[in-house]
1. Give the stretch 62-92 a look and list any residue that's of a type outside the set (A, V, I, L, M) and in contact (Cβ under 8 Å) with a residue 40 or more places away in the chain, or say none.
2. Anything in the stretch 53-94 that is open to solvent by less than 50 Å² (accessible area, probe 1.4 Å), at pLDDT below 80 and farther than 20 Å from E24 by Cβ? List them, or say none.
3. In the stretch 7-52, which residues are closer than 30 Å to D90 by Cα, buried (at least 17 other Cβ atoms within 10 Å of the Cβ) and touching a Ser or Thr at 6+ places or on another chain (Cβ under 6 Å)?
4. Taking into account only those residues within the stretch 28-38 that are at pLDDT 90 or above and out of contact with any Asp or Glu (no Cβ under 9 Å at 6 or more places or on another chain), which is nearest to L62 (Cα to Cα)?
5. Which fully enclosed helices (runs of 4 or more DSSP H) of the chain have 3 or more residues being out of contact with any Phe, Trp or Tyr (no Cβ under 7 Å at 6 or more places or on another chain) and aromatic (F, W, Y)?
Amino acid sequence: MLFIYSFLASIGLLSAALAGLIAERHFVVMMVCIELILLSSVIALVTFMSYSQNPGGDGIILLISLWAVAAVEVIALITFYVFMKSQGFDFDVSKLSDLKR
């Protein structure tokens with residue numbers, strides 16, 4: 001029963017993140033939605049690893065690589081946020097063509 005609940009939580013988190021990614025055009029919100037997508041994939045992976053009898057090392061390597069990608073994304077978000085804030089750019093993604101100059 002716990003398998004079903006955690007998998008449904010992963011699907012719900014994924015759908016909320018995809019809806020936020022499609023609806024919003026703010027840079028920070030889009031990056032947070034991508035972070036939520038990675039989190040939902042980690043929850044699904046841990047759910048399936050706990051359900052299997054012999055999870056093996058491949059799932060753990062995938063889990064660690066997903067955490068590494070999420071950490072790099074947070075570092076990139078902070079770097080871009082500080083750069084864009086110091087240059088006075090708007091955080092609307094549709095207006096980011098000004099960065100080409």
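The values are calculated or read from the model by the stated rules, or taken from the named source; none is laboratory data. This structure is a prediction, so every number in the text was calculated from the model and none was measured. Using ideal geometry, Cβ is built from the backbone for each residue, glycine included, and neighbour counts are taken over all protein chains shown. SASA here: full protein model, heavy atoms, side chains in, ligands and nucleic acids out. Shrake-Rupley method; radii C 1.70, N 1.55, O 1.52, S 1.80 Å.
1. E73, F80, Y81, F91, D92
2. G56, G57, G59
3. Selection gives L13, L14, S40.
4. Among residues in the stretch 28-38 that are at pLDDT 90 or above and out of contact with any Asp or Glu (no Cβ under 9 Å at 6 or more places or on another chain), the one nearest to L62 (Cα to Cα) is I37.
5. Because the criterion is at least 3 residues that are out of contact with any Phe, Trp or Tyr (no Cβ under 7 Å at 6 or more places or on another chain) and aromatic (F, W, Y), the helices (runs of 4 or more DSSP H) in the chain that meet it are 56-87.
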